[in-house]
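Shown next, in structure tokens, is the structure this report addresses.
The values are calculated or read from the model by the stated rules, or taken from the named source; none is laboratory data. From a predicted model like this one, the values you see are computed outputs, not experimental measurements. As a convention, Cβ positions derive from the backbone with ideal geometry for all residues, glycine included, and neighbour counts pool all protein chains shown. Protein only, heavy atoms only, side chains kept; ligands, DNA and RNA dropped before computing areas. Shrake-Rupley method; radii C 1.70, N 1.55, O 1.52, S 1.80 Å.
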Amino acid sequence: MSTDTFTPPDMPGYVGFANLPNQIHRKSVKRGFEFTLMVVGESGLGKSTLINTLFLTDLYPDRVVSSVQENLKKTVKIDVSTVEIEERGVKVRLTVVDTPGYGDAIDNTDCFQSIITYINEQFERYLQDESGLNRRHIVDNRVHCCFYFINPAGHGLKPLDVQFMKQLHNKVNIVPVIAKADTLTKIEVAKLKKKVMDEIQQHGIHVYPLPECDTDEEEDYKLQVRQLKEAVPFAVVGSATVLDVGGRKVRGRQYPWGVIEVENPQHCDFSKLRCLLGTHMQDLTEVTQEVHYENYRSDRLARGSSPLVTTNGSSHTASASSLASLGSDKKISAASLGSNGSGAGGDRMLQELQEKEAQIAKMQEMMARMQAQLQDKK
């Protein structure tokens with residue numbers, strides 16, 4: 001007979017609750033993470049270069065610059081690229097949403113409408129998946145963060161910048177970025193940052209708020225968060241070129257007067273922007289879920305057009321006539337059950353049918369209100 005003894009992994013006298021974070025960590029790492037980043041800005045501001053520099057990938061290896069003739073008729077498109085990134089055993093499914101054509105036309109009226117439509121479509125798809133029968137493997141394609149690129153040649157925000165951020169600040173976490181900061185001196189960068197933040201506050205625009213630190217956090221982390229808050233908007237330089245500077249291999253740009261080191265905090269805010277993504281990626285996801293998605297969901301349900309899910313998982317909005325016929329069928333069934341049913345089973349089924357009938361009546365009222373609103377608009 002075996003006399004093997006089992007040794008608990010923890011010290012004797014402990015239940016083992018302290019292992020819960022390790023269990024969550026193992027499950028999360030095994031499942032992997034999903035993150036969607038949107039980049040918006042005029043052509044030529046280095047959006048593709050910055051993304052390639054941030055994630056050490058070639059998402060945009062051969063970007064074709066459009067001609068002037070093409071830009072005259074150009075509209076804003078949505079370009080979605082997905083790549084799997086693994087770092088120290090942690091896998092992230094990164095989706096980058098680019099918006100080529102934004103701000104390039106002569107008339108930029110409503111040029112951000114396709115961007116708003118895309119963000120709402122992802123919210124809608126997530127809402128439909130949550131309302132479906134199989135909710136175990138929902139793919140989260142909601143936009144968790146938006147890097148908005150500001151032209152360094154301008155003296156602050158343009159009217160288009162203000163209008164765009166006003167339209168989207170309640171739908172996505174906006175992180176303002178001053179592109180190509182190597183075209184400005186340090187004094188010019190400081191002045192432009194102050195001007196941009198003053199205009200953001202003046203127009204009531206809400207950019208992504210870095211979470212406040214708890215009192216029990218380490219001092220190094222508090223200092224890091226304080227420095228990140230002071231760096232907004234981030235003045236960045238992007239480059240995937242590796243240069244030899246004094247025997248060191250650095251990523252940067254070679255100029256006649258010297259080298260701009262991308263990862264040097266003294267040269268630009270690239271390392272701070274990367275730190276923001278690395279240390280607050282989970283918070284960006286949570287704010288998207290708990291604030292922006294909940295706002296969309298409550299507004300969507302308040303309009304009374306929540307989808308009905310069919311048996312095969314597809315969804316559609318029920319019409320008033322179909323609900324009315326369904327309601328009459330339920331009434332007939334309830335009446336027949338009342339006359340033919342017997343015992344406690346019949347009473348329970350009758351009660352369930354009455355509850356269903358009440359729900360259908362509410363949906364009929366919502367559909368009637370919607371149809372009345374549509375008629376008023378016509």
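Within the stretch 92-106, residues that are assigned to a loop (DSSP other than H, G, I, E, B) and modelled with pLDDT under 75 have Cβ atoms under 6 Å from residues that are among the acidic types (Asp, Glu) and crowded, with 17+ Cβ neighbours inside 10 Å in these pairs: Gly103/Glu42, counting only partners at least 6 apart in sequence or on another chain.
Only one of the numbered conditions (1) of a type in the set (A, V, I, L, M); (2) surrounded by 16 or more Cβ atoms within 10 Å (Cβ to Cβ); (3) more than 28 Å from Val162 (Cα to Cα) is not met by Leu273, and that is (3).
Close contacts from the stretch 276-302, counting a first residue that is touching a residue at least 40 places away in the same chain (Cβ under 8 Å) and a second that is of a type in the set (Gly, Ala, Ser) and part of a helix (DSSP H, G or I), with Cβ to Cβ under 9 Å and a gap of 6+ residues or different chains, come to Leu276/Ala231. Can you confirm whether the stretch 109-119 contains a residue that is under 23 Å from Gln282 (Cβ atoms) and part of a helix (DSSP H, G or I)? Scanning the stretch 109-119 turns up at least one residue that is under 23 Å from Gln282 (Cβ atoms) and part of a helix (DSSP H, G or I). Restricting attention to the stretch 163-217, the residues being closer than 23 Å to Tyr296 by Cβ, surrounded by 12 or more Cβ atoms within 10 Å (Cβ to Cβ) and among the small types (Gly, Ala, Ser) number 0.
Number of residues in the stretch 166-192 that are assigned to a helix (DSSP H, G or I) and out of contact with any Pro (no Cβ under 6 Å at 6 or more places or on another chain): the value is 12. Within the stretch 229-270, being part of a helix (DSSP H, G or I) and either surrounded by fewer than 17 Cβ atoms within 10 Å (Cβ to Cβ) or in contact with a Leu (Cβ under 6 Å, 6 or more places away or on another chain) (or both) holds for Lys229, Glu230.
Among the residues making up the stretch 108-140, those that are more than 21 Å from Gly41 (Cα to Cα) and among the polar types (S, T, N, Q) are Gln128, Ser131, Asn134. Looking only at the stretch 171-198, residues that are within 24 Å of the chain's Cα centre (by Cα) and of a type outside the set (Gly, Ala, Ser) come to 10 in all.
If we keep just the residues of the stretch 110-143 that are among the hydrophobic types (A, V, I, L, M, F, W, C) and modelled with pLDDT under 85, which is farthest from Pro159 (Cα to Cα)?
Going residue by residue through the stretch 110-143, those that are among the hydrophobic types (A, V, I, L, M, F, W, C) are 111-112, 115-116, 119, 123, 127, 133, 138-139, 143.
Applying the additional criterion that residues be modelled with pLDDT under 85 yields 111-112, 133, 138-139.
Details: Cys111: 13, Phe112: 13, Leu133: 45, Ile138: 38, Val139: 36 Å.
The extreme case among them is Leu133.
Only one of these conditions is not met by Tyr60: (1) in a helix (DSSP H, G or I); (2) surrounded by 12 or more Cβ atoms within 10 Å (Cβ to Cβ); (3) at pLDDT below 90. Which number is it? Failed condition: (1). Within the stretch 276-293, the set of residues being among the acidic types (Asp, Glu) and open to solvent by less than 70 Å² (accessible area, probe 1.4 Å) comprises just one member, Asp283. Please indicate, with yes or no, whether at least one residue in the stretch 281-297 is over 21 Å from Phe149 (Cα atoms), at pLDDT 90 or above and aliphatic (A, V, I, L, M). Checking the stretch 281-297: at least one residue is over 21 Å from Phe149 (Cα atoms), at pLDDT 90 or above and aliphatic (A, V, I, L, M).
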